[in-house]
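Engineer: What follows is a structure written as structure tokens; I'll ask about it next.
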Ligand SMILES: Nc1nc2c(ncn2[C@@H]2O[C@H](COP(=O)(O)OP(=O)(O)OP(=O)(O)O)[C@@H](O)[C@H]2O)c(=O)[nH]1
Ligand SMILES: [Mg+2]
């Protein structure tokens, strides 16, 4: 822990909102590195992820969270619990919504009511994706006591510095908790599994990305400097196994190649990636499986 001047500020800032609004894109933009996977499909993020931003005068501990969806399944409940858990100890909360949709968004209002009720920390309404030229974004008339309303593009970075300034102004005086160059507390092993999941989200469709959980079972430094990673991809249905593997193994090979490239970049090392597909029937409904895949 550093000894900062008496006006150094720090705090915990979760980013919550509906699926696909751009929470993970924002945390990557804030940290300046890709620490969270992103896809055009909803419910890409399954865990709470720390992203650290250190400034000369502040350190902000952002938490990316799974998008909040009201579905009653055990799987969705696990995602909601992860998101709700991030609100504990918050010093400021970012509630992200998308520009361009009808606003105020009734779902968003419901989310605000259910999720943010009881939060005593200041809440900033962050309207993302303003680059889409959504001129029709109405002034939010949510009956929610937002501390600020900010408009950004997490993709391009518009408005993000201003958002950071506003966040810092709402944080308490406090120390830095991590070294100035730290970006996350995720292990390389976990991040490798996430990259595999991102490629599954990119390269498969319909229910397959949601059927597939990744467990990194081996992560070892081998001689000649290469890292060997063995991961199992568990699908929830027999019929999904063939779809994920594809004709003559083509799809699994594409997933493996794309993932290996990104993992090599992350680890700055040569990587051997060995992917195995197995069926873990209805894993999304089973506590032990949700635990095994880090969802509980
Ligand atoms: N045009 C535009 N697209 C964006 C912006 N921010 C995010 N996106 C896109 O929106 C999609 C979803 O982004 P994510 O960051 O994965 O969204 P998320 O809120 O983390 O989604 P979940 O993890 O599923 O809850 C991706 O295709 C992003 O490229 C933005 O500012 N502008
Ligand atoms: Mg996400």
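The values are calculated or read from the model by the stated rules, or taken from the named source; none is laboratory data. Source: prediction; values computed, not measured. We place every Cβ from the backbone using ideal geometry, glycine too, and count neighbours over all the protein chains shown.
Engineer: Would you check if there is a residue in region 99-117 being within 11 Å of ligand 1 (Cβ to nearest atom), in a helix (DSSP H, G or I) and either surrounded by fewer than 18 Cβ atoms within 10 Å (Cβ to Cβ) or in the same structural domain as residue 211 (by TED's automatic domain parsing) (or both)?
Structural biologist: No, region 99-117 contains no residue that is within 11 Å of ligand 1 (Cβ to nearest atom), in a helix (DSSP H, G or I) and either surrounded by fewer than 18 Cβ atoms within 10 Å (Cβ to Cβ) or in the same structural domain as residue 211 (by TED's automatic domain parsing) (or both).
Engineer: Go through (1) within 9 Å of ligand 2 (Cβ to nearest atom); (2) surrounded by 24 or more Cβ atoms within 10 Å (Cβ to Cβ); (3) closer than 20 Å to residue 265 by Cα and name the single condition residue 25 misses.
Structural biologist: (2)
Per-residue answers, yes or no, for (1) away from ligand 2 (no atom under 16 Å from the Cβ); (2) out of contact with any helix residue (DSSP H, G or I) (no Cβ under 8 Å at 6 or more places or on another chain); (3) part of a loop (DSSP other than H, G, I, E, B):
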{"position": "10", "(1), (2), (3)": "yes, yes, no"}
{"position": "21", "(1), (2), (3)": "no, yes, yes"}
{"position": "34", "(1), (2), (3)": "no, no, yes"}
{"position": "43", "(1), (2), (3)": "no, no, yes"}
{"position": "47", "(1), (2), (3)": "no, no, yes"}
{"position": "69", "(1), (2), (3)": "no, no, yes"}
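Engineer: State yes or no: is residue 96 within 18 Å of the chain's Cα centre (by Cα), modelled with pLDDT of 90 or more and assigned to a strand (DSSP E or B)?
Structural biologist: Taking the combined requirement at face value, the residue satisfies it.
Engineer: Keeping to region 144-165, report how many residues are assigned to a loop (DSSP other than H, G, I, E, B), in contact (Cβ under 8 Å) with a residue 40 or more places away in the chain and within 15 Å of ligand 1 (Cβ to nearest atom).
Structural biologist: Total satisfying the criteria: 4.
Engineer: Does region 47-63 contain at least one residue that is touching a residue at least 40 places away in the same chain (Cβ under 8 Å), buried (at least 19 other Cβ atoms within 10 Å of the Cβ) and either near ligand 1 (Cβ under 8 Å from one of its atoms) or outside the structural domain of residue 129 (by TED's automatic domain parsing) (or both)?
Structural biologist: no
Engineer: Still on this structure, please answer the following. What about residue 73, is it farther than 25 Å from residue 187 by Cβ, more than 8 Å from ligand 1 (Cβ to nearest atom) and assigned by TED's automatic domain parsing to the domain that holds residue 100?
Structural biologist: Considered against the rule, which asks whether it is farther than 25 Å from residue 187 by Cβ, more than 8 Å from ligand 1 (Cβ to nearest atom) and assigned by TED's automatic domain parsing to the domain that holds residue 100, residue 73 comes out as yes.
Engineer: Considering each residue of region 29-45, count those that are crowded, with 19+ Cβ neighbours inside 10 Å and near ligand 1 (Cβ under 8 Å from one of its atoms), and give that number.
Structural biologist: Looking only at that region, the number is 6.
Engineer: Continuing with the same structure: Check every one of the helices (runs of 4 or more DSSP H) wholly within region 166-263 and list those with 2 or more residues that are at pLDDT 95 or above and within 20 Å of the chain's Cα centre (by Cα).
Structural biologist: In region 166-263, 188-203, 208-211 are the helices (runs of 4 or more DSSP H) which contain 2 or more residues that are at pLDDT 95 or above and within 20 Å of the chain's Cα centre (by Cα).
Engineer: Tell me which of these residue 130 doesn't satisfy, since it passes every other one: (1) without any contact (Cβ under 8 Å) to a residue 12 or more places away in the chain; (2) in contact with a strand residue (DSSP E or B) (Cβ under 6 Å, 6 or more places away or on another chain).
Structural biologist: Every listed condition holds for residue 130 apart from (1).
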